[in-house]
Every structure is written in C-alpha cells, then in structure tokens.
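Peer 1: Below: one structure in structure tokens.
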Amino acid sequence: MKNASRRSAAVYALPALAGLALLPFLDFRANRIVSGEGVMLWAPEGGSLLGAATLATLILGTVLIGAQLGRFVAALAALALLLWLAGQGAATLSAEAPEFARISLGGGFWIAAAFAALAAADAVARLSLGALVRIVALALPALGFGLALRGGLFDDLSILREYAANRDVFDAALGGHMRLVLGSLIPALLIGLPLGWLCFSSRRARTVVLPVLNLLQTTPSIAMFGLLMVPLGALSRAVPALRDWGVGGIGAAPAIVALALYALLPIVANTYAGLVGVPETMRDAGRGMGMSRARLLARVELPLAAPVILTGIRIVVVQNIGLAAVAALIGGGGFGTLVFRGMGQAAMDLVLLGTLPIVALAILASLMFDAIIETTRRGGAR
Amino acid sequence: MSRGALALLVALALFAALVLWPGLMTPLLRLVAEPGQALLYDRQPIRVLVAWHLALVGAAGVVASVVGMTLGVLVTRPRGAEFMTLARMASNLGQTFPPIAVLAVAVPLLGFGFEPTFLALCAYGLLPVFENTVAGLRGVPAPVREAARGMGLACSARLWRVELPLAAPVILTGLRLSTVVNIGTATIGSTVGAVGLGEVIIAGLQSGNTAFVLQGALLVALMAICADLALRGLERRMSRAG
C-alpha cells in the first residue's frame with residue numbers, strides 16, 4: 001500500500017524534476033517582442049545551486065514522506081520556493097539589464113509549478129477533509145501568494161510589467177468579466193429553474209424544450225455572438241431608449257444574452273433530473289402531511305433536488321467564465337480583451353495576464369461550488 | 001425514418017446548399033447589411049473555407065480520439081491505476097482553460113496559422129474523449145467482466161471484444177462533445193490565422209459588416225448541428241446494437 005502511494009507521488013515528482021532539468025527556468029529577452037535566451041534553474045542568476053538543491057530535496061520529499069499531510073506541506077513548500085526563486089531571479093537579472101529587457105517565466109517553471117500544485121491537490125484529496133477545512137487549507141497558501149504579490153516579490157517579471165502598464169485595462173476587464181458571468185447567470189436562473197420544473201411536470205414541454213436547448217448549446221460561441229448581434233442591433237435601432245442601457249449589436253449585451261442561453265441547458269436539464277430523482281415516498285409523505293403543491297415543491301422537492309441543481313449551476317459558472325473570454329471579440333469586455341490585445345501585439349505575457357485570472361476564477365468557482373454542494377448533500381441526508 | 005435522421009437530412013441539405021450556392025443567402029443578408037456593403041464574403045470561396053475547417057477538425061479529432069482513448073484504457077488497467085488521479089485532475093484542470101487561452105499559448109510555440117489551432121484542438125478535444133472512455137470502461141458491469149475472464153479470454157481479448165464494445169456508446173458521446181467543441185474552437189482559430197469559416201465572421205467584425213458575420217455564423221452553426229446530429233444518430237445505433 002505504502003509503495004503504491006509512493007509510486008503515485010513519483011508521478012508528480014518526476015515530471016517536475018525533468019521539466020526543471022531540461023527546460024529553462026526563466027527566459028531573458030532584450031525587449032518585449034524578441035525571442036529570448038533561457039536561464040536554467042541552477043545558473044547563478046536563475047535559482048543558484050543552493051536553491052536548485054533545496055527545491056529538488058523538497059520535490060523528492062513529496063515521494064519519500066509517507067504521511068499525506070507531510071506530502072502536502074512539502075509540495076506547498078516546493079511551490080513557494082519555486083515562486084520565490086523566480087521572483088529573486090528576475091530581480092537579479094533585471095538589475096544588470098537594460099531598461100527594456102523582459103524576464104518571463106520559462107517552461108521549466110511552468111511544468112514544475114503545475115506538477116507541484118497537482119501533487120498538493122492530490123494529497124489534499126487523499127486526506128479526505130471536510131469541505132471547509134479543505135478551503136482553509138487552500139486559502140492560506142493563496143493568501144500568502146497574494147501578500148507576496150502585493151509586497152512586490154514578482155515585480156520584475158514581465159507579466160507584472162504588463163500589469164503595471166495595463167492596470168486600468170486589467171481592472172476594467174475584471175469588472176467586465178464578473179459582469180458578464182453574473183449578468184448572464186441571474187437571468188439564466190430566473191428562466192431556467194421554472195423551465196426545468198415545467199419539463200418535469202409536462203411531458204410535452206420536455207419534448208420541445210430540451211432539443212431546442214441542445215441546439216443552442218451546439219452553436220459555437222463566436223457564431224452565437226454573431227447571430228445575436230443582428231436582432232439586438234435591430235432592437236437598439238428601433239427603440240433608441242434601450243441604447244442608453246447599453247443594448248446594441250456589439251458590446252456586452254449580445255455577450256450576456258449568449259452566455260445566458262448557453263447556461264440554460266445545464267440548469268434546465270439538472271433541475272429536471274433533480275426533481276425526477278426525488279423519491280416518490282417522500283412526495284407521498286409530504287402530501288400525507290397535507291402540503292399544498294407549492295409547499296411540497298418548496299419544502300420537499302427543491303431541498304432534495306438541490307445538490308443536482310447546484311451541480312448544474314457549477315457547470316454553468318465554470319463554462320461561462322471560460323466562454324466570456326470570447327466576448328471581447330464583439331467588444332463585450334472581460335479578460336478576453338487582454339488575451340486578444342496580447343495576441344495582436346505578439347506579447348505572450350499580456351496573453352497570460354488575461355488567461356491566468358480566468359483559470360483562477362474557474363478553479364475558485366469550482367472549489368466554492370463543491371463545498372456548497374457537499375453541504376447541501378449532508379443537509380439533505382439529515 | 002426516425003425524427004433524428006430526418007433532422008440530420010434537413011440540416012445537411014441546408015448546409016450543402018448554402019455552401020455550394022452562397023447566393024441563396026443574399027435575401028436574408030440584405031436585411032442586415034448597410035447600403036453599399038458587400039453581402040457575400042468573396043476573399044475566398046466558401047467551399048475552400050469549409051474544406052479547411054473540416055480538415056482541421058477531422059485531423060485533430062483523429063489525434064484526440066486515439067490519444068484520449070489510449071490514455072483512458074491505460075489508466076483503467078490495474079498497472080496504470082496510479083495515474084488515474086493525476087489524469088482526472090489534469091483533465092478537470094484542462095477544462096477550466098478557455099479554448100482561446102489554449103490557442104493563445106500555442107501561438108508563441110508554433111507561430112500563426114494552422115499549427116497552433118491544430119495543437120489547441122488536439123489538446124482540447126482530448127479531454128471529453130478521455131473522460132468518457134474512463135466512464136464507459138468503468139461502467140462495464142463486474143459480472144460481465146467476470147464472465148469474460150471465466151471464458152478464459154486473455155486481457156487484450158477482454159478489452160477488445162467485451163469492454164470496448166460495451167463502452168462504445170459512452171466513448172462516442174465523448175467524441176461528439178469533442179467534435180462540437182472543436183468546430184467552435186476552430187472558428188476562434190481564425191483569430192490566429194487558421195483558414196476556416198471563422199475568417200468570415202472575423203472579417204465581418206473587423207470591417208463592421210454584419211452580413212459577413214451573419215453568413216459565417218449561420219454556416220458554422222449549421223456545421224456544428226450537422227456533426228452533432230450525425231454522431232448522435234451513430235450513438236443511438238451503437239447502443240441499440242449493444
């Protein structure tokens with residue numbers, strides 16, 4: 001058993017070590033656009049021999065330590081050291097470099113960081129903690145990372161140079177992205193939940209609604225944005241007052257409508273599935289207690305269906321956080337603005353500045369929903 | 001003829017007609033165009049764009065299904081069990097990456113054009129195939145597996161003649177999801193220079209020509225719907241055969 005668990009820890013440690021050994025840790029470029037030269041981890045201005053040795057020891061530690069908690073701590077420590085070495089290395093490199101030089105994170109860093117994070121997540125999963133403890137166990141390192149970011153540890157890395165140069169665009173993108181995701185979620189819930197109930201109570205509604213929603217889901221996002229530009233543009237021309245509300249062929253309006261349409265299928269399908277899954281005996285018991293149809297729905301059916309419905313909402317939120325990136329193509333704002341601008345300027349770090357927050361938001365949302373779903377499951381079992 | 005087959009036939013006929021005679025769309029496009037704007041995209045024949053789009057999605061689909069299914073089979077074997085958590089976590093994480101990010105990250109590695117889009121499509125299309133291969137193989141009932149072993153079938157024979165055929169409908173669902181997502185991602189691929197139908201939409205967005213946008217959007221949506229209906233039909237046939 002112990003050997004098996006050790007072997008599975010090696011699955012994370014070996015790629016991390018191989019990545020660091022074969023690929024550059026940092027990438028040094030004379031300016032923003034040109035291709036760079038790699039700096040390996042053990043180079044004096046990379047992480048130095050001492051840093052490299054410590055890091056290798058910590059990564060090997062995730063394999064050699066038997067206890068999952070120790071493994072988790074070792075993986076986190078490796079991740080922290082990776083980040084610290086990268087920040088320090090960038091500071092050293094930029095101190096003796098010309099003003100326009102850029103230092104980016106190299107392939108070795110990304111591979112090692114990804115596998116260290118996976119190893120930490122794997123250890124947490126094996127500890128089988130409660131949802132809240134798990135969130136705290138992940139929130140503390142995140143807090144530490146946030147403080148280091150604030151404290152300027154990474155300021156010499158190119159990605160933060162991009163942030164400094166595009167701070168107002170970034171802030172607007174964050175607000176815009178949240179507005180797209182939440183702005184589409186709320187109408188989708190208001191329409192989707194009753195529609196799911198309708199599918200549950202009427203067979204005919206089901207045979208019409210579900211295929212139509214399937215069709216919507218099949219339509220590629222950029223095509224959906226394009227198709228919605230036409231009616232919304234016409235609407236804003238016909239009713240100019242709507243234009244003051246921001247309704248138009250381009251901008252956030254078609255994006256929000258498109259995201260809400262994509263959100264409908266998982267919400268409706270899961271509401272339907274959740275309601276179907278309520279045991280008939282429970283319904284009978286409620287009816288026997290003299291509950292009205294509405295009361296039965298509110299007090300018995302919805303609470304029992306809640307975990308399945310929430311799973312649908314989780315799918316929707318994660319999916320729309322990703323899809324909202326495409327909205328920038330039609331001027332809908334959000335982090336896609338940074339991604340597309342970065343691609344236009346061939347500036348990889350600007351692309352990353354747009355991508356990393358999207359991925360972070362998606363991971364954050366799935367963790368939160370997992371915790372909520374677990375809580376409702378436990379509540380339902382009581 | 002079943003309702004699904006009828007829907008597929010209608011969608012395919014409509015798609016083929018609009019690809020072969022783009023002019024059929026002009027009355028519709030005239031409704032949205034500004035006076036004096038071109039109605040039909042004419043920088044490249046639509047047929048060529050459709051062929052490239054299909055080639056891109058098809059080639060990536062083949063790679064994604066071969067790699068995804070192989071990985072799915074490997075982690076469900078006893079010897080590969082240790083990789084299961086890693087593979088599941090990596091696959092979950094992969095799905096939080098928006099397609100546009102995968103494309104954007106591939107560009108500096110491979111340059112603009114066909115290659116980054118192809119790589120992004122392979123990577124992104126792999127996830128649903130892998131997930132569904134694992135789910136399908138795990139869903140094979142234990143008594144069936146026992147019976148196959150009792151009949152004295154070797155490991156590989158059990159896999160090829162019992163487990164994979166039983167898991168086929170679920171795997172096919174993964175392939176369908178992967179194909180539909182990839183038709184959309186290939187469209188976005190036009191922002192990094194891949195030749196395909198996305199070009200029409202992007203050109204329309206860049207020049208403020210709503211007619212181009214509508215033409216491209218309709219064609220892409222129809223293509224995705226055709227692929228979805230066709231693979232759904234295949235799934236139904238397979239699960240009936242099983």
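Peer 1: Here is a list: B:10, B:57, B:19. Which entry is of a type in the set (A, V, I, L, M, F, W, C) and closer than 30 Å to residue A:320 by Cα?
Peer 2: Result: B:57 is the single residue among B:10, B:57, B:19 that is of a type in the set (A, V, I, L, M, F, W, C) and closer than 30 Å to residue A:320 by Cα.
Peer 1: I need a count of the residues in the range A:102-125 that are hydroxyl-bearing (Ser, Thr, Tyr) and within 17 Å of the chain's Cα centre (by Cα).
Peer 2: 0
Peer 1: (1) within 19 Å of residue B:66 (Cβ to Cβ); (2) more than 16 Å from the chain's Cα centre (by Cα); (3) facing chain A (nearest Cβ under 9 Å): which one isn't true of residue B:163, the others all being true?
Peer 2: So residue B:163 meets the others, but not (3).
Peer 1: On the given criteria, is residue A:233 within 12 Å of chain B (Cβ to nearest Cβ), more than 30 Å from residue A:304 (Cα to Cα) and not hydroxyl-bearing (Ser, Thr, Tyr)? I'd like the intermediate steps shown before the answer.
Peer 2: On the way: within 12 Å of chain B (Cβ to nearest Cβ): yes; more than 30 Å from residue A:304 (Cα to Cα): yes; not hydroxyl-bearing (Ser, Thr, Tyr): yes.
In short, yes.
Peer 1: Any residue at all in the range B:220-230 that is more than 9 Å from every other protein chain (Cβ to nearest Cβ), touching a helix residue (DSSP H, G or I) at 6+ places or on another chain (Cβ under 8 Å), small (Gly, Ala, Ser) and in a loop (DSSP other than H, G, I, E, B)?
Peer 2: Scanning the range B:220-230, I find no residue that is more than 9 Å from every other protein chain (Cβ to nearest Cβ), touching a helix residue (DSSP H, G or I) at 6+ places or on another chain (Cβ under 8 Å), small (Gly, Ala, Ser) and in a loop (DSSP other than H, G, I, E, B), so the answer is no.
Peer 1: Quick check on my filter: what residues within the range B:109-127 are more than 11 Å from chain A (Cβ to nearest Cβ) and buried (at least 18 other Cβ atoms within 10 Å of the Cβ)?
Peer 2: Filtering the range B:109-127 down to residues more than 11 Å from chain A (Cβ to nearest Cβ) leaves B:110, B:113-115, B:117-123, B:125-127.
Across the range B:109-127, the qualifying residues are B:114, B:117, B:118, B:119, B:120, B:121, B:122, B:123, B:125, B:126, B:127.
Peer 1: Still on this model: Could you say which residue among A:49, A:14 is among the aliphatic types (A, V, I, L, M), without any contact (Cβ under 8 Å) to a residue 24 or more places away in the chain, within 21 Å of residue B:82 (Cα to Cα) and surrounded by fewer than 20 Cβ atoms within 10 Å (Cβ to Cβ)? Don't jump to the end; show me each part of the working.
Peer 2: Working: A:49 fails: within 21 Å of residue B:82 (Cα to Cα).
Selected residue: A:14, the only one of A:49, A:14 that is among the aliphatic types (A, V, I, L, M), without any contact (Cβ under 8 Å) to a residue 24 or more places away in the chain, within 21 Å of residue B:82 (Cα to Cα) and surrounded by fewer than 20 Cβ atoms within 10 Å (Cβ to Cβ).
Peer 1: Consider residue B:149 carefully, then state whether it is without any contact (Cβ under 8 Å) to a residue 60 or more places away in the chain, more than 10 Å from every other protein chain (Cβ to nearest Cβ) and over 21 Å from residue A:323 (Cβ atoms). Break it down into steps so the answer makes sense when it comes.
Peer 2: Values: without any contact (Cβ under 8 Å) to a residue 60 or more places away in the chain: yes; more than 10 Å from every other protein chain (Cβ to nearest Cβ): yes; over 21 Å from residue A:323 (Cβ atoms): yes.
Yes; evaluated as a whole, the condition is true for this residue.
Peer 1: Now, a different point. Tell me, which helices (runs of 4 or more DSSP H) lie completely within the range A:285-382 with 2 or more residues that are in contact (Cβ under 8 Å) with a residue 24 or more places away in the chain?
Peer 2: Passing ranges, in order: A:302-323, A:336-344, A:348-381.
Peer 1: Now, a different point. If you check residue B:73 against the conditions, is it hydrophobic (A, V, I, L, M, F, W, C) and within 13 Å of chain A (Cβ to nearest Cβ)?
Peer 2: No.
Peer 1: Test residue A:251 against the stated conditions and say whether it is out of contact with any helix residue (DSSP H, G or I) (no Cβ under 7 Å at 6 or more places or on another chain) and surrounded by 15 or more Cβ atoms within 10 Å (Cβ to Cβ).
Peer 2: yes
Peer 1: Return yes or no: is residue B:56 within 21 Å of the chain's Cα centre (by Cα), in a helix (DSSP H, G or I) and at pLDDT 85 or above?
Peer 2: yes
Peer 1: Taking into account only those residues within the range A:131-178 that are among the hydrophobic types (A, V, I, L, M, F, W, C) and in a loop (DSSP other than H, G, I, E, B), which is surrounded by the fewest Cβ atoms within 10 Å (Cβ to Cβ)?
Peer 2: My answer is A:153.
Peer 1: Have a look at B:64, B:90, B:106, B:101 and point out the one that is part of a helix (DSSP H, G or I), surrounded by 14 or more Cβ atoms within 10 Å (Cβ to Cβ) and away from every other protein chain (no Cβ under 14 Å).
Peer 2: Result: B:64 is the single residue among B:64, B:90, B:106, B:101 that is part of a helix (DSSP H, G or I), surrounded by 14 or more Cβ atoms within 10 Å (Cβ to Cβ) and away from every other protein chain (no Cβ under 14 Å).
Peer 1: Here's another thing I want to ask about it. Across the range A:115-130, which residue is surrounded by the most Cβ atoms within 10 Å (Cβ to Cβ) among those that are within 14 Å of another protein chain (Cβ to nearest Cβ) and without any contact (Cβ under 8 Å) to a residue 40 or more places away in the chain?
Peer 2: So the residue we want is A:121.
Peer 1: Let me spell it out: the conditions are (1) modelled with pLDDT of 90 or more; (2) over 26 Å from residue B:86 (Cβ atoms), and residue A:82 meets all of them except one. Which number is the exception?
Peer 2: Only one criterion in (1) modelled with pLDDT of 90 or more; (2) over 26 Å from residue B:86 (Cβ atoms) is unmet by residue A:82, namely (2).
Peer 1: Restricting to the range A:325-353, count the residues that are small (Gly, Ala, Ser) and more than 8 Å from chain B (Cβ to nearest Cβ).
Peer 2: 8
Peer 1: Going through the range B:61-118 one residue at a time, which ones are modelled with pLDDT of 85 or more and charged (D, E, K, R)?
Peer 2: Once the filter is applied, which keeps residues that are modelled with pLDDT of 85 or more and charged (D, E, K, R), the range B:61-118 yields B:77, B:115.
Peer 1: What pairs can you find where one residue is in the range B:178-191 and within 9 Å of chain A (Cβ to nearest Cβ), the other is of a type in the set (D, E, K, R) and assigned to a helix (DSSP H, G or I), and their Cβ atoms are less than 6 Å apart, with a gap of 6+ or different chains?
Peer 2: As it stands, the answer is B:180/B:228; B:190/B:199, since those pairs meet every condition given.
The values are calculated or read from the model by the stated rules, or taken from the named source; none is laboratory data. Computed from a predicted model, the values in this text were never measured in an experiment. We place every Cβ from the backbone using ideal geometry, glycine too, and count neighbours over all the protein chains shown.
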